[in-house]
1. I'd like the full set of residues that are in a helix (DSSP H, G or I) and crowded, with 18+ Cβ neighbours inside 10 Å, limited to region 273-282.
2. Determine which single condition PRO183 fails, assuming it passes every other condition in (1) surrounded by 22 or more Cβ atoms within 10 Å (Cβ to Cβ); (2) not in a helix (DSSP H, G or I).
3. Going residue by residue through region 79-87, is there one that turns out to be surrounded by fewer than 18 Cβ atoms within 10 Å (Cβ to Cβ) and either closer than 26 Å to VAL211 by Cβ or of a type in the set (Asp, Glu) (or both)?
4. I need every pair where a residue in region 180-204 that is of a type outside the set (A, V, I, L, M, F, W, C) has its Cβ under 8 Å from the Cβ of a residue that is in a helix (DSSP H, G or I) and surrounded by fewer than 17 Cβ atoms within 10 Å (Cβ to Cβ), sequence separation at least 6 or different chains.
5. Find the strands (runs of 3 or more DSSP E) located wholly in region 205-271 whose residues include 2 or more that are surrounded by 22 or more Cβ atoms within 10 Å (Cβ to Cβ), and list them.
6. Test TYR154 against the stated conditions and say whether it is hydroxyl-bearing (Ser, Thr, Tyr), crowded, with 21+ Cβ neighbours inside 10 Å and at pLDDT 95 or above.
7. Is it the case that some residue within region 294-304 is part of a helix (DSSP H, G or I), among the hydrophobic types (A, V, I, L, M, F, W, C) and at pLDDT 90 or above?
8. Is it the case that LYS176 is among the basic types (Lys, Arg), touching a residue at least 12 places away in the same chain (Cβ under 8 Å), within 26 Å of HIS279 (Cα to Cα) and part of a helix (DSSP H, G or I)?
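The values are calculated or read from the model by the stated rules, or taken from the named source; none is laboratory data. Note that the structure is a prediction, hence the values are computed from the model and not measured. Here the Cβ positions follow ideal geometry from the backbone for every residue, glycine too, while neighbour counts run over all protein chains shown.
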Amino acid sequence: MMYYVLIKRKSVVAVSFIAAFLCLIIVRLTNEVTFPLILNCFGQTSVKWIPFSNGQRQPLRTHYGYVNVKTQEPLQLDCDLCAIVSNSGQMAGQKVGAEIDKSSCIWRMNNAPTKGYEEDVGKRTTVRVVSHTSVPLLLKNPEYFFRETNSTVYVIWGPFRNMRKDGNGIVYNMLKKTVDSYPAAKIYVTTEKRMSYCDAVFKKETGKDRVQSGSYLSTGWFTLILAMDACYGIHVYGMINDTYCKSEGFRKVPYHYYEPGRDECEEYFLHENAPYGGHRFITEKKVFAKWAKKHTIVFTHPNWTVS
């Protein structure tokens, strides 16, 4: 009888130890990977993304490829789980604004507005990645972009000819005047070395030289590259994959959710086949799918299947 009691006690202790060990693993996972990836392990992919936050994980990461226009200091940015909101018309009617606003860091691109579209895209903005060609669009409404939302970090990318600091960089000069007028604005520019790095990544991933192929990288490309360095997990909203426009019954939407214009798929095909000066959106999406296999990246609205 005594022997039986001892065996029973040992069994209870063993089960308790195993349960505690499993709890530790679950806590560790919820701190290091996105919720959808945990669910995918159990075959559940249709559940809404629920962000976790651990603000005391580690100090800010320093990103030396991005320099503050005012202080010339490198960008410091460290995010837990990031929501990257596409400018695509796919975002119209999605009603995921509240979900997006729960994210640790919210990334937007170029001049995509939130006012009037909060229900679909949310209202918070942590980081805004902007093309050199879109800077004049921001400057049409500087009070909103650089005073009302002065907690936002602006990352401007562009070629050396426009971003040079010797007085001949047209876009850089615009940004210098902007920080003079709005001293609290957090405006960073990509370094020439970082621009070359982004070109090198394109060549490595596609086998094509960007310049020789007559193409320009998209703002989405620069956004994903920085986000993979700054975020522990990434949830991309509203970005279509490389086969979407050839699939049956695809959703026909405008290129941008905030303005009427050319159909999104028409725009993609136009750029992909342009002999010179186009973005290779479809090619880039193939690369993004590859990155999603190695990094913690989830694409929804529409959902991507990354195999």
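1. The answer is PHE281, ILE282.
2. Here PRO183 meets the rest and fails (1).
3. For region 79-87, residues surrounded by fewer than 18 Cβ atoms within 10 Å (Cβ to Cβ) and either closer than 26 Å to VAL211 by Cβ or of a type in the set (Asp, Glu) (or both): absent.
4. As it stands, the answer is SER181/PRO142; TYR182/PRO142; TYR182/ARG147; GLU192/PHE160, since those pairs meet every condition given.
5. Numbers: elements: 231-237, 254-256, 259-263.
Hits in region 205-271: 231-237.
6. Criteria met by TYR154.
7. Checking region 294-304: not a single residue is part of a helix (DSSP H, G or I), among the hydrophobic types (A, V, I, L, M, F, W, C) and at pLDDT 90 or above.
8. No; evaluated as a whole, the condition is false for this residue.
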